[in-house]
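Remarks on the structure that follows.
The values are calculated or read from the model by the stated rules, or taken from the named source; none is laboratory data. Keep in mind that this is a model prediction, so the values were computed, not measured. Don't worry about glycine lacking a Cβ; one is built from the backbone with ideal geometry, like all the others, and counts go over all protein chains shown.
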Amino acid sequence: METQAVYTTSPKMIEVKMSKCSLFLTEEEIVSLLAKNKELWIKGIGRGKAFLRNKAARKREALGFDRWMLYELFKGNRPIDDSTISSLENMDIKELREGVLEWLLAKKRGGYI
């Protein structure tokens, strides 16, 4: 099954591409079908959450190591391994400076732990 595409019609139709055909259903039709099988509904929600978490993690990785990741590293919430060191070497100098300053200011306020 491929990625779903949403078309702007009235009512809004959602395309579900399958190996030999494509289905066009409204959101209400999909909800009514899933309501008949609660286990499938729960499984679908779980997959959706996992997919979105994975997508967000990939986006963060693509952006590289940022100041908040550095801040968490200084706090001890991130492990220091070879990939972390490599990320720091490639980190934007402005992000590096701002991350160090954020951590130092938090430490000065006593709120870094």
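Do any residues in region 1-18 that are within 20 Å of residue 44 (Cα to Cα) have Cβ atoms under 7 Å from those of residues that are modelled with pLDDT under 85 and assigned to a strand (DSSP E or B), where the two are at least six apart or on different chains, and which pairs are they?
13/7; 14/6; 15/5; 15/7
State which residue is farthest from residue 110 (Cα to Cα) when the search covers only region 69-91 and only residues that are surrounded by 16 or more Cβ atoms within 10 Å (Cβ to Cβ) and of a type in the set (Ser, Thr, Tyr). Steps first, please.
If we filter region 69-91 for residues that are surrounded by 16 or more Cβ atoms within 10 Å (Cβ to Cβ), which is where we start, we get 69-71, 73-74, 87, 91.
Among the residues that remain, those that are also of a type in the set (Ser, Thr, Tyr) are: 71, 87.
Numbers: 71: 14, 87: 28 Å.
Selected residue: 87.
Of the residues 99, 48, 44, which single one is part of a helix (DSSP H, G or I), of a type outside the set (Phe, Trp, Tyr), in contact with a helix residue (DSSP H, G or I) (Cβ under 6 Å, 6 or more places away or on another chain) and surrounded by 10 or more Cβ atoms within 10 Å (Cβ to Cβ)?
Numbers: 48 fails: in contact with a helix residue (DSSP H, G or I) (Cβ under 6 Å, 6 or more places away or on another chain); 44 fails: in contact with a helix residue (DSSP H, G or I) (Cβ under 6 Å, 6 or more places away or on another chain).
Being part of a helix (DSSP H, G or I), of a type outside the set (Phe, Trp, Tyr), in contact with a helix residue (DSSP H, G or I) (Cβ under 6 Å, 6 or more places away or on another chain) and surrounded by 10 or more Cβ atoms within 10 Å (Cβ to Cβ) holds for just one of 99, 48, 44, which is 99.
Of all residues being in contact with a Ser or Thr (Cβ under 7 Å, 6 or more places away or on another chain) and in a loop (DSSP other than H, G, I, E, B) in region 61-77, which is modelled with the highest pLDDT? Just the residue, please.
Let us first name the residues in region 61-77 that are in contact with a Ser or Thr (Cβ under 7 Å, 6 or more places away or on another chain), namely 64-65, 73.
Of the ones still in play, those that are also in a loop (DSSP other than H, G, I, E, B) are 64-65.
Working: 64: 68, 65: 72.
In this case the residue turns out to be 65.
With 107, 55, 94 as the choices, which residue is surrounded by 13 or more Cβ atoms within 10 Å (Cβ to Cβ) and either at pLDDT below 85 or in a helix (DSSP H, G or I) (or both)? Break it down into steps so the answer makes sense when it comes.
Details: 55 fails: surrounded by 13 or more Cβ atoms within 10 Å (Cβ to Cβ); 94 fails: surrounded by 13 or more Cβ atoms within 10 Å (Cβ to Cβ).
The match here is 107.
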